[in-house]
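What follows is a set of notes on a single structure, which appears directly below.
The values are calculated or read from the model by the stated rules, or taken from the named source; none is laboratory data. This structure is a prediction, so every number in the text was calculated from the model and none was measured. Cβ sites come from the backbone with ideal geometry, for glycine too, and all protein chains shown count toward neighbours.
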């Protein structure tokens, strides 16, 4: 995985650049345009190991992935706050390599959102938060309405000293 070429990514918040608390890299077919934060970074062409893993996941999940966003959490200080991957279509396959980290999902109702479908309120689940320990080699698959009704995060964990790489294989909304 030496060829991952991680970079700092900055986003604009309140008119000022803010560095994300993790490093990123991304892989895709040459020429694919991804209209997201990391598009400002250099796109890397699939390496042989990445293509092998991509093919295995595509075969198991019966889906074609267009690109892979790779996050490097250098230690427990690196994290990602609650968010939904709105650019993702249908499915995200997320693989953990390295240190065990917590992965937390929360229903949108926890954020004060009132969910409706065709003007009728949706029933909120009894349990609104789930937590998983993602160990080396773990695969979590997010599909269906997951991104529409739930947010997820990898919170800070001060006791974690080792790095974690997260490979998120995705499909574009529109090509």
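Name the residues in segment 44-94 that are assigned to a loop (DSSP other than H, G, I, E, B), surrounded by 14 or more Cβ atoms within 10 Å (Cβ to Cβ) and modelled with pLDDT of 95 or more, would you?
Once the filter is applied, which keeps residues that are assigned to a loop (DSSP other than H, G, I, E, B), surrounded by 14 or more Cβ atoms within 10 Å (Cβ to Cβ) and modelled with pLDDT of 95 or more, segment 44-94 yields 74, 75, 76, 78, 79.
What are the residue pairs meeting all of these: first residue in segment 6-20, first residue at pLDDT below 80, second residue outside any strand (DSSP E or B) and surrounded by fewer than 13 Cβ atoms within 10 Å (Cβ to Cβ), Cβ atoms under 8 Å, and 6 or more apart or on different chains?
7/42; 9/40
Taking residue 128, is it over 12 Å from the mean Cα position of the chain (by Cα), closer than 22 Å to residue 20 by Cα and modelled with pLDDT of 85 or more?
So residue 128 does not fit the description; no.
Does any residue in segment 136-148 that is in contact (Cβ under 8 Å) with a residue 12 or more places away in the chain come within less than 7 Å, Cβ to Cβ, of a residue that is assigned to a helix (DSSP H, G or I) six or more places away or on a different chain, and which pairs are these?
141/61
Here is a list of conditions, (1) in a loop (DSSP other than H, G, I, E, B); (2) at pLDDT below 90; (3) within 20 Å of residue 142 (Cα to Cα); (4) touching a strand residue (DSSP E or B) at 6+ places or on another chain (Cβ under 7 Å), and residue 30 meets all of them except one; can you say which number that is?
With respect to (1) in a loop (DSSP other than H, G, I, E, B); (2) at pLDDT below 90; (3) within 20 Å of residue 142 (Cα to Cα); (4) touching a strand residue (DSSP E or B) at 6+ places or on another chain (Cβ under 7 Å), residue 30 is out only on (3).
Looking at 166, 136, which is the one that is closer than 10 Å to residue 96 by Cα, assigned to a strand (DSSP E or B), at pLDDT 90 or above and in contact with a strand residue (DSSP E or B) (Cβ under 7 Å, 6 or more places away or on another chain)?
Unique residue meeting the criteria: 166.
What number of residues in segment 144-168 are in contact with a helix residue (DSSP H, G or I) (Cβ under 9 Å, 6 or more places away or on another chain) and surrounded by fewer than 16 Cβ atoms within 10 Å (Cβ to Cβ)?
1
Going by the structure shown, is residue 141 out of contact with any helix residue (DSSP H, G or I) (no Cβ under 6 Å at 6 or more places or on another chain), closer than 17 Å to residue 71 by Cα, modelled with pLDDT of 95 or more and part of a loop (DSSP other than H, G, I, E, B)?
no
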